[in-house]
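All remarks here apply to the structure that follows.
Values quoted throughout were computed directly from the atomic coordinates according to the rules given, and no laboratory measurement underlies them. On a predicted model such as this, the values are computed, not experimentally measured, just so you know. With ideal geometry, Cβ positions are generated from the backbone for all residues, glycine too; neighbour counts draw on all protein chains shown.
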Amino acid sequence: MTTNTPEFTVSELANSLKRTVEETYGHVRVRGELGRTTIAKSGHCYLDIKDDRAVINSIIWKGVMSRLSMRPEEGMEVIVEGKLSTYPGRSNYQLIIEKMELAGAGALMALFEKRKKMLAAEGLFDEARKVDLPFLPKVIGVVTSPTGSVIRDILHRITDRFPSHVLVWPVLVQGDKAAEQIAAAINGFNHGDGFPRPDVLIVARGGGSMEDLWCFNEEIVARAAADSKIPLISAVGHETDWTLIDFVADYRAPTPTGAAEVAVPVRADYLETVKDYSLRLLRALRRTTSERATTLRAARLPRIDAVLAPARQRLDSSLATLPPISRLLEPKQNRLTRQGQALLSAMRFTKQRQKTKLDAQSDTLNRYGLMAETALKRQLETQSRRLDRAGKLLDAYSYQGVLDRGYALVRDADGIVVRTKSATSSGQGVSLTFADGEVGAVIAGKAVPKPKRKSATPTPDKKQADLF
């Protein structure tokens, strides 16, 4: 059956729908509640916007996320702007968000109260966990923007009251990245190396709307302030502005200038106080000394010479009756001399006995040494004779000695010693080793006849004439 209905491929139809949706809803503004919210490792944020009857899948690209003034969280009521598009790979549509804002101050306050209750339930606001501020900090850490009037006011007030070493950790105090930077600065002061550890921290920002101060209501900032081991002063906004970090901090200052006043005392006041204490102490010392002198004069005590005179006379009388000191010491000296002489004699006698005993031991040692030397020489001579006999016997049994007596060593062409007649054959080449060298030879077919021995009596010469 033929039809005039055009045919589309799946991709053609999906792309056509995508163009239609994007052209029709190229810019939309939607209000709803955030549902599932997931931030991928790539930095993109995938979330749902819903109401009581529908849900729209949405996405915020990484570049847009860095420009948002808040961090999307489930349950927030927001107004978003963007465009509607489709995702052909899954046959669904999605909202690509380009802007996001909370749906009025009521939504901000609702989220603020929700986080406040959660952190309070965890005990982060308890007064028992807060610590006292140091009386006179040597180093003060300040977490704020490096530009603007806040840091200038803090430095000016600290310089006027009590000059101290101030370390500034520059951060953003507004926008999406501000919360992460503030939390990182608090943690950095607590765990950082390479700089003096502050005795107190000040987290400060000037006044602004609730949206401007929202980064100080982020959970990451509140928890960083709660975990700080360094006493922390919050000074965010004006006196009427309250943020979550104000409830967590160890001390809440109404303004940044007020934080500087809480952090350090007035140096001039304490110098004046110390000076006043010094004058009062000096006056009290003088008054006490004067009163004691008056009391001594009123007691009419005798002079010291009059009190000591009788004792001095008794001492002189006692010294006159005592014998001379030399007479008292003479018996002791004589006894000490006798004991010294006896000790010297004993030491000499002991030394003589030790010398006699040492000489006897030395003679014995010399005698044993001579005996050992004689025995060693005798042993060496015996071993030398045995070695000579063994050497001569070795020479006698060596094959070289046999060769010296007129014998020869027979080897075949392979260098193997020929020991029997049967191991040879006629015409076989052999080598003969004599005492003075080696020569080659060939085995004959039969034995070579032994040469006749010449008689000792010479035969007469037949040519000699007979005498008879």
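Quick check: net charge around L111, other residues with Cβ under 9 Å of its Cβ, Lys/Arg +1 and Asp/Glu -1?
That works out to -1.
Quick one: M65, M76, fewest Cβ neighbours within 10 Å first, how do they rank?
M65, M76
May I ask you to list the residues of the range 126-151 whose amide nitrogen lies under 19 Å from a point 7 Å from Cα along the Cα→beta-carbon direction of F195?
Under 19 Å, as judged by backbone N against the label point of F195, lie 137-151 of the range 126-151.
I want the local charge near E12. Using Cβ-Cβ distances under 12 Å, sum +1 for each Lys or Arg and -1 for each Asp or Glu among the other residues.
+1
Helix-derived [θ] at 222 nm for the chain: sum -39500 (n - 2.57) over DSSP H runs of at least 4, divide by residue count, nearest 500? Walk me through the numbers before you get to the answer.
Working: 12 runs with 214 residues, N = 468.
That calculation yields -15500 deg cm²/dmol at 222 nm.
Which order, highest average first, do 223-233, 361-371, 46-56 follow once you tally other Cβ atoms within 10 Å for each residue and take the mean per peptide?
223-233, 46-56, 361-371
With each label point set 7 Å from Cα along the Cα-Cβ vector, what nm distance links S345 and D388?
If labels sit at S345 and D388, their model points lie 6.7 nm apart.
If the chain between A435 and Q333 were fully stretched, how many nm would it gain, using 0.36 nm times the residue separation less the Cα-Cα distance? Present the calculation step by step, with values, prior to reporting the outcome.
Working: separation 102, 0.36 × 102 = 36.72 nm, distance 10.15 nm.
Here the answer is 26.6 nm.
Multiply the residue gap between D414 and T295 by 0.36 nm, knock off their C-alpha separation, and tell me the result in nm, one decimal place.
Full extension of this stretch gives 29.1 nm more.
Based on the Cβ-Cβ distance of H238 and E113, what FRET efficiency does E = 1/(1 + (r/R0)^6) give at R0 = 22 Å, to the nearest 0.05?
The value I calculate is 0.60.
Calculate the spin-label point distance for S326 paired with D126, positioning each point 7 Å from the Cα along the beta-carbon direction, and give it in nanometres.
A separation of 9.1 nm, rounded to one decimal place.
Which label marks the calculated value of semi-axes √(5λ) of the Cα gyration tensor in Å, given the options (1) 57, 25, 18; (2) 110, 80, 17; (3) 43, 29, 19?
(2)
Suppose R0 equals 25 Å. What FRET efficiency, 1/(1 + (r/R0)^6) with r the Cβ-Cβ distance, do L167 and T147 give to the nearest 0.05? Can you show the working numbers first?
Working: r = 17 Å, r/R0 = 0.68.
Result of the calculation: an efficiency of 0.90.
If you add up the charges near G237, with Lys and Arg at +1 and Asp and Glu at -1, over every other residue whose beta carbon is less than 13 angstrom from its beta carbon, what do you get? Write out the running numbers ahead of the final one.
Working: positive: R205, R252; negative: E211, D212, E239, D241, D246.
Result for the neighbourhood of G237: -3.
How far, in nm, would the chain grow between Q174 and N4 when pulled straight, counting 0.36 nm per residue and subtracting the alpha carbon separation?
55.1 nm
Sort the range 136-265 into rounded, prolate or oblate with this rule: let a ≥ b ≥ c be the square roots of the eigenvalues of the Cα gyration tensor; rounded if a/c is under 1.5, and if a/c is not under 1.5, prolate when a/b is larger than b/c, oblate otherwise. List each step's numbers first, then the result.
Working: a/c = 1.56, a/b = 1.19, b/c = 1.30.
Verdict is oblate for the range 136-265.
Order 184-191, 308-315, 118-125 from most to least packed using the mean count of other Cβ atoms within 10 Å.
In descending order of packing, they fall as 184-191, 118-125, 308-315.
Go through K351/K377; K83/K114; K83/K117; K114/K177; K177/K229; K116/K229 and tell me which ones have a Cα-Cα distance over 27 Å in this structure.
Table pairs above 27 Å Cα-Cα are K351/K377; K83/K114; K83/K117.
Order these peptides, 82-93, 163-174, by their mean beta-carbon neighbour count within 10 angstrom, highest first.
Ranking the peptides 82-93, 163-174 by packing returns 163-174, 82-93.
Along the Cα→Cβ direction, 7 angstrom out, place labels at R280 and T38. What is the inter-label distance in nm?
Reported label-point gap for R280 and T38 is 7.1 nm.
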